[in-house]
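Everything below concerns the one structure shown next.
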Amino acid sequence: MMKKNNLGKGLGVLFQGNALLDDMDSPQVENAVLELPLGSIDPNREQPRKRFDEEALRQLAESIQQSGVIQPIIVYPDGNRYTIVAGERRWRAARIAGLEVIPAIVRDYDRMKQMEVALVENIQRENLNPVEEASAVHRLMEECGLTQESVSQRIGRSRPAVANLLRLLNLPEPVQDLVRLGSLTAGHGRALAGMEDSSRQRILAESAVRQGWSVRQMEAAAQRPTRKPPKRQEQERSVELTDLEDSLRRALGMRVSIVGSQSKGRIVLTYGSMEELENLLAVLER
């Protein structure tokens, strides 16, 4: 007997009246499961996931070779073929495993329902990166006419969590790429999202990756007052000064601001406790 799986509230809402995926013991659902040829199934062009981890697919394929595809995929008819609504990872892994058929449930959804089910299933179950999740949520809202509250109910997140996720889409594309690749976390991205200066967002993001900042360090850097734009002859040195400032901050363990140019200026140290002052003294004595 197949165990009940954890899809969260979202998929249960979507599949009510259409054979719940999290109640596979129901005879109605068992009768709806078909064995479809893998070659008759196409991936969904509107799939929110853009990158599939090859190693994770290989591991899933090995599991499928041992135990088969436990959870049917969801497809909709498209002429004499089928298009995946949910379960593309299982379909890809089944191909790697050398299967010829795959268990599938056919649902005749309209386009909006296809998109909604695909996006919700991916968000809940496919380990999307934070930017892919944010894009999927945004599409749910824009193309399916859902509010943040409605989306939060479907994917099992709080409304503030959904709002924070959407903030990642305000980041410049190079910074979004760092989040997509996992070089920065969603927390790093949220710390940068409130800044208006996109060039400074990129500088801080690159510094965080290069120097291994924690989210707290990123938040502290993002909250520092923005210095006045340097004079023309100083502009080419601004990135170098920023890097020096970051290095001093890490070495001293406190907020550091460099005011001036490479040839002249001052260093401002800001402390928040007696412990920080004592740590500074220890560093200087060394």
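Name, by its number, the condition in (1) more than 30 Å from residue 212 (Cα to Cα); (2) touching a helix residue (DSSP H, G or I) at 6+ places or on another chain (Cβ under 6 Å); (3) part of a helix (DSSP H, G or I) that does not hold for residue 146.
Result: residue 146 fails condition (3) only.
Please list, ordered by residue number, the helices (runs of 4 or more DSSP H) wholly in region 1-117 having 3 or more residues that are buried (at least 16 other Cβ atoms within 10 Å of the Cβ) and modelled with pLDDT of 50 or more.
Answer list for region 1-117: 54-67, 88-96.
For residues that are in a loop (DSSP other than H, G, I, E, B) and open to solvent by less than 30 Å² (accessible area, probe 1.4 Å), tally how many sit in region 174-210.
Residues flagged as in a loop (DSSP other than H, G, I, E, B) and open to solvent by less than 30 Å² (accessible area, probe 1.4 Å) within region 174-210 amount to 1.
For residues in region 251-278 being in a helix (DSSP H, G or I) and surrounded by 15 or more Cβ atoms within 10 Å (Cβ to Cβ), which is modelled with the highest pLDDT?
It comes out as 252.
Checking the structure you have, find out if any residue of region 132-152 is touching a Gly at 6+ places or on another chain (Cβ under 9 Å), at negative phi and open to solvent by 30 Å² or more (accessible area, probe 1.4 Å).
No.
When you scan region 245-275, how many residues do you find that are of a type outside the set (Gly, Ala, Ser) and more than 18 Å from residue 214 (Cα to Cα)?
Total meeting the criteria: 12.
The values are calculated or read from the model by the stated rules, or taken from the named source; none is laboratory data. These numbers come from a predicted model, not from an experiment. Cβ: placed from backbone, ideal geometry, glycine included. Neighbour counts: every protein chain shown. The accessibility values were calculated without ligands, DNA or RNA, using every heavy atom of the protein model including side chains. Shrake-Rupley method; radii C 1.70, N 1.55, O 1.52, S 1.80 Å.
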